[in-house]
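Below is one structure, written out as structure tokens, with a few remarks after it.
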Amino acid sequence: MKKALLSAACLLVAVSAALPKQSWRAGKDSALQEGLVRMETVSASGAVLFYVVNGKKIYPAVEPSGYGESSYISLYDGTREYRLNKSGSCKYYFESDEKSLTEVFTVKGVAELRAVYTLSKKDPKDEIINSVEVKYSLKSLLGKEKPLALKAVYNLRLGENRKAHYSSALKNEISSEYVITPSAEDSWIISSDSQNAVEFILCGAGVTAPQRAAVANKETIERATPSADFTPGNSFDSLLSYNNSSLALFWPPVALGENDTANYAYKINFSISDFQNSGKKAAEAPKAEKQEEEKKDVPLPEPEKKSDDALASELDSVDPSKLNAEYVQQLINHINSLEQSDPSLNKIKIQQLQTEVDEVLQVLRSRK
């Protein structure tokens, strides 16, 4: 596997040389790490990245590739979306101190958003830092009163190596598109890899409950507006984002006059014990682990041998949108992620992804 990935990486460098250059991370970035939490600023995209610290290892809670640009905040003025990152029509800068990271976004003539991420504890009695308090302050820069709405998107990844990516208070296994209307009875959603977890608190003391929270395929979430419809049960798969889901928090429009402000708050908790198995009682966890152990002994199917003509036909049918260095790198990143989590549980998926890498690279080699 390592030899195959090394070969792929070498070709990737060659292919990348012929593609437009991408800018490297600009400016000075900051990182805060304490207890179970690590936060990083990414000036190159405007993102803030989150990690679970488990002993000497750290595990990305959100997707860090592409400078983490797939996690962001969007502002809506009723007619237009302003994505608050490098690809959007805004300016931004970071500030930091010992306990918090702050990012200030400005959409000229529309609004200013101050986002503050502060290290804290889930419970005051807890001995270590295991939570982040998120606070937004939205100020209108419009010359007249107009409704403004917010959407926060997190491209979460811990749960993507499991059948169920998420769990909530009312549904223990969420493995497809799903919408939560936050309430006292349905106040949180968890992304977990069975050992590390992040929990978003959507309702309760100190929280500005969003109108709804939705999980869906990454591309579906990116297209979704505050009024978009979702289809519960839809797969987390798409053509270019296999098994890739994101969480979106939607706050309703608030009518703001010039220099008026609206404030929002929510919490993200971090755990290395899966929050007692993502909502299940602790006593049930050993049984779940035993079931996963049994899966390790399932033999892999032998790969089908194909004739040269059949192989050539398949290579000709490879989607042209996949024939680029960025897509190959995404596949390699996914393989590495699966191998780091638990390769014994992900053998079939790793094999499928490696086959796709080989097919794409074979076409790229033939075109050199």
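Here, each number is a calculation from the coordinates, and none is a lab measurement. Not measured: the values here are computed from a predicted model. A quick note on method: Cβ atoms are made from the backbone with ideal geometry, for glycine too, and the neighbour counts reach across all protein chains shown.
Straightening the chain between E127 and K56 buys 23.7 nm, computed as 0.36 nm per residue apart minus the Cα-Cα spacing. Computed from label points 7 Å out along Cα-Cβ, the spacing between S65 and N263 is 4.0 nm. Estimated at 0.36 nm per residue, the fully extended path between D29 and V104 surpasses their Cα-Cα distance by 25.6 nm.
Rounded to the nearest whole angstrom, the semi-axes of the ellipsoid equivalent to the range 20-153, taken from the Cα gyration tensor as √(5λ), stand at 28, 19, 12, largest first. Among the listed pairs K99/K146; K28/K163; K28/K121; K28/K171; K28/K151; K135/K218, those whose Cα-Cα separation exceeds 31 Å are K99/K146; K28/K163; K28/K171.
On full extension, the segment bounded by Q195 and S235 gains 12.0 nm, given 0.36 nm per residue less the C-alpha separation. A Förster radius of 25 Å combined with the Cβ-Cβ distance from A228 to K171 puts the calculated FRET efficiency at roughly 0.75. For the peptides 77-89, 240-252, 222-234, the ranking by mean Cβ contacts within 10 Å, running from highest to lowest, is 240-252, 77-89, 222-234. Under the simplified labelling scheme, the I272-K91 pair shows an inter-label distance of 4.3 nm, with each label point 7 Å from Cα along Cα→Cβ.
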